[in-house]
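Novice: Quick one: the structure is below, questions incoming.
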Amino acid sequence: MRVTILGAGAIANAHAEAIAGFAGRDDVPEARVTHVIDIDAGRAEAFAEKHGIPHHGTSFEAVLEAGEVDAVHICTPPAFHAPAAQAALRAGVHVVVEKPAVLSLAEVDAIGAAEAEAPGGARFTQIVQHRFGHGAQLLRRLLDSGELGKAYVATCDTLWFRGPGYFEVPWRGRWDTEGGGPTMGHGIHQFDLLLAILGRWSEVTALAGRLARHVDTEDVSMALVRFDDGAMASVTNSLLSPRETSDLRFDTEAGTVEVSHLYGYTDDDWTFTPAPGREDAAALWGPDPSAPPSGHLAQLLPTYRAFAAGEAPPVTLADVRGTIELAAAIYKSAFTGAVVRSGEIGPGDPFYTTMRGTGPAWAPVKDTIAPVEEATR
Ligand SMILES: NC(=O)c1ccc[n+]([C@@H]2O[C@H](COP(=O)([O-])OP(=O)(O)OC[C@H]3O[C@@H](n4cnc5c(N)ncnc54)[C@H](O)[C@@H]3O)[C@@H](O)[C@H]2O)c1
């Protein structure tokens, strides 16, 4: 498969390395990055040289028109994800987009319409690499099989630190270019995994604040989430936490399962504590030395197998929608003070078209902000 990388910034390296990691494997289709495109020609050229990519340029449309691409990996700032994804799907090209896939529920639904009509059955998926480590997959399997019993309580903490310098990149900290603060940009990794494990949520109560950074968005949010089957979780998304961790904890009938890492985990980062009287359950948990750690390669291997087989990728548009809907609900609850129920944010709701919605009390829209194109350079 001929792969184009769109956006040659920091995370694009993980994509180029993961595709290079397909080489020599017989359990995945052959794939090669043939083009890298960036609005900054120098960055595209340097990236092509670094990763041995034969073609580089500044026009994604030209690559699409020439029919030289089977799959595109969109690694631009978030404001460009949805337009590029729709253009690719219309051209019959599979789309792998970085998180957050979109800026709003309205954009997810527009991509859904494009995917439904895509020639050749082209598919859309989003990178959420922490779903794909062995620990997360084992936990999901043990809940599905009933061996862990019911899940009752969970915590989901993204406690990260981003100093003022981080926000000097112009597209960060803005509703129109980043989509939101740590809820959309950082904690989304963890609460996407929470949803992958616990399933559909039913209601959310949240708070958000801009406590320390010079940004338009929040720099911390906290939410309480109830799931369809009754389980309850707390979710914290912070960029103000000097000792950084990404921690999830699941209390089930048979025991407590925990992972504590930062940007990626191995089996060593997971623990299992059996419930009193359920010491037998300890035997359910164990490492798999053959499994890749959570990361882009772990997600892209099954994704490309699905592309080649004409099947749905392991992360579907419906999965993406569930996670983006939870983000929208956190913002809506935080900014309106209301409990937000699943399904209530639809066309006509201010939180359907932007995460900012009716807006936080701290940040009226600035009248001096740079245009989107300028802010994303
Ligand atoms: N999965 C992860 O763990 C992870 C980690 C970091 C970032 N990300 C996500 O990846 C995306 C990119 O983040 P980054 O840190 O690599 O950003 P970055 O600023 O380092 O790179 C973005 C690149 O896109 C280019 N660009 C901007 N607009 C463009 C356009 N219209 N067409 C083509 N190129 C364009 C820029 O010139 C730049 O080279 C974001 O959505 C971010 O949230 C994901």
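Novice: Pull out the extension gain between Val339 and Thr155, defined as 0.36 nm times the separation in residues minus the alpha carbon to alpha carbon distance; nm, one decimal.
Specialist: Fully extending the segment from Val339 to Thr155 adds 64.3 nm.
Novice: In straight Cα distance, which aspartates and glutamates are under 17 Å from Lys50, not counting same-chain residues fewer than 8 positions off?
Specialist: Cross-link targets: Glu17, Asp38, Asp40.
Novice: For the range 93-163, what relative contact order do you get, as a whole percent, if you take Cα pairs closer than 8 Å and at least 6 residues apart?
Specialist: Over the range 93-163, the number comes to 31 percent.
Novice: Using the Karplus curve 6.51 cos²θ - 1.76 cosθ + 1.60 with θ = phi - 60°, work out ³J(HN,Hα) for each residue of the range 330-337 in order, rounded to whole Hz, and write x for Gly and Pro.
Specialist: Residue by residue, the range 330-337 yields 4, 5, 4, 5, 5, 8, 10, x Hz.
Novice: Restricting to DSSP H runs of at least four residues, report the calculated mean residue ellipticity at 222 nm for the chain, -39500 (n - 2.57) per run over all residues, nearest 500 deg cm²/dmol.
Specialist: Roughly -9000 deg cm²/dmol at 222 nm, from the helical runs in the chain.
Novice: Once phi is turned into ³J(HN,Hα) by the Karplus curve 6.51 cos²θ - 1.76 cosθ + 1.60 with θ = phi - 60°, what whole-Hz value does each residue of the range 294-310 show in order, with x for glycine and proline?
Specialist: Once rounded to whole Hz, the list reads 4, x, 4, 4, 4, 7, 6, 4, x, 5, 6, 4, 5, 4, 5, 8, x.
Novice: Quick one: compute the contact order of the range 209-367, relative version, from alpha carbon pairs under 8 angstrom and 6+ residues apart, as a percent.
Specialist: That works out to 12 percent.
Novice: HN-Hα J couplings of the range 28-41 from phi, Karplus 6.51/-1.76/1.60, θ = phi - 60°, integer Hz, Gly and Pro as x?
Specialist: For the range 28-41, the Karplus-derived couplings read 8, x, 5, 9, 8, 6, 9, 9, 10, 10, 8, 5, 9, 4 Hz, x marking Gly and Pro.
Novice: Please state, rounded to one decimal and in Å, the Kirkwood hydrodynamic radius that the range 197-319 gives when every pair of distinct Cα atoms enters the mean of 1/r.
Specialist: It is 17.8 Å.
Novice: What number, in percent, do you get for the relative contact order of the range 190-243 if the mean sequence gap of Cα pairs under 8 Å and at least 6 apart is divided by its residue count?
Specialist: It comes to 30 percent, rounded to a whole number.
Novice: With a cap of 16 neighbouring Cβ atoms within 10 Å, and only residues DSSP puts in a loop, list the trypsin sites (Lys or Arg not before Pro) found in the range 182-237.
Specialist: Passing both the DSSP loop test and the Cβ count: Arg200.
Novice: How long are the three semi-axes of the equivalent ellipsoid of the chain, in whole Å, if each is the root of 5 times an eigenvalue of the C-alpha gyration tensor, listed from largest down?
Specialist: Listed largest to smallest, the semi-axes of the chain are 32, 27, 19 Å.
Novice: For the range 1-140, list log₁₀ I(q)/I(0) at each q in 0.13, 0.19 Å⁻¹, using the Debye formula over Cα point scatterers of equal strength and ignoring solvent, two decimals each.
Specialist: Here log10 of I(q) over I(0) equals -0.55, -1.15.
Novice: Also, I was wondering about something else. List the aspartates and glutamates whose alpha-carbon lies under 16 Å from that of Lys150, not counting same-chain residues fewer than 8 positions away?
Specialist: Of all the aspartates and glutamates, those that pass the test against Lys150 - Cα under 16 Å, at least 8 places apart if same chain - are Asp228, Asp229, Asp251, Glu253, Glu258.
Novice: Hey, fewest Cβ within 10 Å first, where do Ile111, Ile11 land in order?
Specialist: Ile11, Ile111
Bear in mind that the values in this text are calculations on the coordinates, not laboratory data. All values reported here derive from a predicted model rather than from experimental measurement. Cβ atoms come from the backbone with ideal geometry, glycine included; neighbour counts cover every protein chain shown.
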